[in-house]
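Just so it is clear, none of the values below were taken in a lab; they were calculated from the coordinates. What you see is a predicted model; the values in this text were computed from it and never measured. Every residue, glycine as well, gets a Cβ built from its backbone with ideal geometry; the counts of neighbours run over all protein chains shown.
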Amino acid sequence: MKKQLALLAAAALVASATGAIAGIVGTPHDLSGTYGNTELGGDQICVFCHTPHNPVSAVPLWNRHNPSAADFSLYKTSATLTAATKASAFNSGSVSLFCMSCHDGQTALGDIKNPGVDSANVAIVMDTSTVIRSTYGDNLTRDLTNSHPVGFNYASAASQDATLATKATVESKLKTANVGGVIFFNDNNNTTGDMMECASCHKVHDNEYTKFLRISNSGSNLCLACHVK
């Protein structure tokens with residue numbers, strides 16, 4: 001019986017991984033040659049973010065070297081923001097640093113712990129001078145003062161602003177039939193899953209909607225999941 005349960009668990013894990021890969025192939029998060037990338041070399045897809053052994057971070061088997069949390073400036077100066085939002089900040093436990101390990105325009109796309117790409121090209125970054133950037137997407141830089149707030153306690157912000165939906169309401173709107181998973185996250189200062197991060201709006205393994213959005217933003221649906229208008 002134990003052997004059967006182990007086999008079932010292994011099969012479920014493989015099925016889950018296969019689904020994630022199928023969602024990435026041919027999208028801007030596919031840094032392999034299958035998406036026309038010739039700069040980094042190789043034909044592996046998962047290696048640019050994940051490794052099965054000896055990861056940088058155990059969750060999510062992370063293979064990249066993240067930038068320092070202290071290097072980022074976040075959007076928190078608007079007079080309309082709540083006190084909780086104005087307190088936004090990254091720390092070493094912020095999951096948004098996983099995203100910024102490519103999208104900061106400075107960390108090399110090939111800067112991975114367990115190599116699987118052409119070592120001659122590991123220094124390529126997602127800046128405006130490379131095919132990588134023009135093909136794959138946004139160099140947000142480390143100045144995020146002109147981007148949507150992240151790295152703040154959404155539950156606290158919603159309690160301070162009646163025009164923000166409750167955390168439970170947001171989760172009910174964003175966890176659709178084909179989009180599950182975590183909407184708000186933990187970090188070094190929060191262990192109850194309240195933090196708004198990049199992945200609150202973006203699902204990195206599925207580009208069904210442009211920019212890897214969790215749901216379609218037609219009619220501002222994604223925006224209105226949080227903002228009560």
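What is the order of Tyr75, Tyr154, fewest Cβ neighbours within 10 Å to most?
Ranked by crowding around the Cβ, least crowded first: Tyr75, Tyr154.
Which pairs break 19 Å Cα to Cα here: Lys167/Lys229; Lys86/Lys211; Lys175/Lys203; Lys167/Lys211? Walk me through the intermediate numbers first.
Working: Lys167/Lys229 16 Å; Lys86/Lys211 26 Å; Lys175/Lys203 11 Å; Lys167/Lys211 23 Å.
With Cα atoms farther than 19 Å apart: Lys86/Lys211; Lys167/Lys211.
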